[in-house]
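The values are calculated or read from the model by the stated rules, or taken from the named source; none is laboratory data. Predicted model, so just to flag it, every value in this text is computed and none were measured. Note that we place each Cβ from the backbone using ideal geometry, even for glycine, and neighbour counts take in every protein chain shown.
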Amino acid sequence: MTETASPTSAATSSAVPTFRHFIAGEWCDSPSGRTFQSHNPADTRDVVGRFQQGTAADVAMAVKAAETAGPMWRRTPAPKRGEILYAFAQLMGEHKERLARAMTREMGKVIAEARGDVQEGIDIAYLMAGEGRRMFGDTVPSELPDKWAMSIRQPIGVAGIITPWNFPMAIPCWKMMPALVTGNTVVLKPSSDTPHCATLLVELMAQAGFPAGVVNLVTGAGGDVGNAIVDSPDVSVISFTGSSATGKHIAAKAGAKLKRLSLELGGKNGVVVLADADLDLATDGILWSAFGTTGQRCTAASRVIVDRAVLEPLLERLETRARALTLGDGLVATTDVGPLINAGAADKVASYIDIGRGEGELIVGGERATDGDLAHGHFFQPTIFAGVGAMDRIGQEEIFGPVLSVIPVDGYGEAMLALNQTRYGLSSSIFTRDVNVAFRAMRDFETGIVYINAGTTGAETHLPFGGWKETGNGHREAGHVAIDTYTEWKSIYVDFSGRLQRAQIDNQPT
Ligand code: NAP
């Protein structure tokens, strides 16, 4: 499969297109003269494209372009900014199938899920387009007569957006849409595993009418491009989604410079199954959450905490259904589970299988999948360990692959403790028919998202998205609260009394 030529790609003599940075409204090569390749993880012989190997110098150019465009963009009325987001959402809708297919090719998730990823981008673009006509502040009474008091939101400046590969279109949109509608300009650095997905998005953004310099794309390694964005004194807000290790590194650097920083990091999401649960429904929810996107969603379920009363029937169902899952290229209609993103990810999963063998009982999977064409990709069998302890490593550490640990407990109290015994706090779920227990879970689970009688995935873009504890640093994406990351509050007092009025002094009894 070869993408049709686009303005982003320089003419090359080979069949593999070369894609460019997007800086100040122009598609351009990196002065480094170096490129890197992006491969199809389902068949690594398929090279998606060559991409610019950016450097700190490229970042400096992009930041300069974003800074230059800043005053014009922040003075563009917010409803007008929203209209451009709206046009972008429409374009994404028109190109949804093309975008989804390109995503499956570049990062492997099955095509239905890739369509869902694009749809999340569309949804957030429409939601944030509407924010252009809301972006409410407060108008409140002053404590003094003949005085007006209100608060408004204002943009922060240049937003550095650093994104992972697992939701390669949704996540850049979750970040860029609120940043842009609130009047910030953007430098996007996508994962080196999915630069094509980001390029396709930025092509559509240019087409939608974002003025030159408002959106800039720099591809290249995290240690170079990402670091340079974080280090740049002219980037005022950083939004990062990725691993906790990288997030901590960025937080230390950004903290030293007192930059606004939003972090969305790792997870170890759990599903609780109680004795009164509908086991067939729970099985559906667990399989979808554990093995969808090959276990590489930030909200993937990697722990099932099950009441011993239903342990055996649940394990039976999970084992039978996991064995029946078909691995393959996500573009093939019969595929249930695609590849892992790269060789490093497959090695990491394999290393946790070794750890898991010493902690639980392997009941299904546990091997790389290499039959036939699978040998050309990074495939791993859906894997389930039974008899895992809540504090075992496979019950605690993020594996980010198709590996599920089943942890037996007795009753809600033990289940709740086991669920919360992790340093992460993104998503959780409980299967029970008891409404009182469901409400206890809503109260007790220490996660940013809680599902009742559903798996751990399925966030909708008009609700806040993000995690407690080491999954983040307290910010939220999506929902109307997403604009908090990208705005400063300004409180404004207008005194029309014509005389000096002193707050806290002139309105007190003498
Ligand atoms: P990652 O290795 O941390 O990379 C994320 C991004 O950071 C990539 O663009 C990467 O660039 C860049 N980067 C790497 N080193 C950097 C540095 N020193 N300075 C600045 N940027 C740097 O994470 P990933 O493997 O792509 O993503 C998987 C992780 O993301 C998992 O832990 C998952 O839980 C998490 N995640 C969390 C959420 C959430 O909402 N909580 C959502 C999705 C994913 P390169 O690609 O060039 O290395």
Test: residue in the stretch 477-485 that is modelled with pLDDT of 95 or more, more than 14 Å from the ligand (Cβ to nearest atom) and not β-branched (V, I, T): yes
Complete set of residues in the stretch 146-156 that are under 15 Å from V181 (Cβ atoms) and in a loop (DSSP other than H, G, I, E, B): I156
Close pairs from the stretch 166-193: first at negative phi and more than 9 Å from the ligand (Cβ to nearest atom), partner of a type in the set (A, V, I, L, M, F, W, C) and part of a loop (DSSP other than H, G, I, E, B), Cβ under 6 Å, at least 6 apart: N184/I156; T185/V214
Residue in the stretch 458-468 that is in contact with a strand residue (DSSP E or B) (Cβ under 9 Å, 6 or more places away or on another chain) and outside any loop (DSSP other than H, G, I, E, B) present: yes
Condition broken by T370, with the remaining ones in (1) surrounded by 24 or more Cβ atoms within 10 Å (Cβ to Cβ); (2) within 30 Å of D46 (Cα to Cα) satisfied: (1)
Filter pass, D307 being acidic (D, E) and surrounded by 23 or more Cβ atoms within 10 Å (Cβ to Cβ): no
Residue that is nearest to D484 (Cα to Cα) [pool: residues in the stretch 123-148 that are of a type in the set (A, V, I, L, M) and in contact (Cβ under 8 Å) with a residue 40 or more places away in the chain]: M135
Failed criterion for T194 (all others in (1) buried (at least 24 other Cβ atoms within 10 Å of the Cβ); (2) closer than 30 Å to I505 by Cα; (3) not small (G, A, S) hold): (2)
K80, sole failed condition from (1) crowded, with 16+ Cβ neighbours inside 10 Å; (2) in contact (Cβ under 8 Å) with a residue 40 or more places away in the chain: (1)
Which numbered condition S151 fails, given (1) out of contact with any Asp or Glu (no Cβ under 9 Å at 6 or more places or on another chain); (2) within 24 Å of A78 (Cα to Cα): (1)
Flag for A228 being within 14 Å of the ligand (Cβ to nearest atom), assigned to a helix (DSSP H, G or I) and out of contact with any helix residue (DSSP H, G or I) (no Cβ under 7 Å at 6 or more places or on another chain): no
Strands (runs of 3 or more DSSP E) completely within the stretch 231-280 that count 3 or more residues being more than 8 Å from the ligand (Cβ to nearest atom) and over 30 Å from A418 (Cβ atoms): 237-241
The stretch 194-225 - residue that is over 26 Å from M92 (Cα atoms) and part of a helix (DSSP H, G or I) and, of those, nearest to the ligand (Cβ to nearest atom): G222
Where L258 falls short, out of the listed (1) crowded, with 19+ Cβ neighbours inside 10 Å; (2) over 16 Å from T432 (Cβ atoms): (1)
Within the stretch 219-242, tally of residues that are surrounded by 22 or more Cβ atoms within 10 Å (Cβ to Cβ) and under 23 Å from H475 (Cβ atoms): 13
Single match in T139, T182 (criterion: buried (at least 24 other Cβ atoms within 10 Å of the Cβ) and among the polar types (S, T, N, Q)): T182
So F496, is it away from the ligand (no atom under 16 Å from the Cβ), in contact (Cβ under 8 Å) with a residue 12 or more places away in the chain, in contact with an Asp or Glu (Cβ under 9 Å, 6 or more places away or on another chain) and of a type in the set (F, W, Y): yes
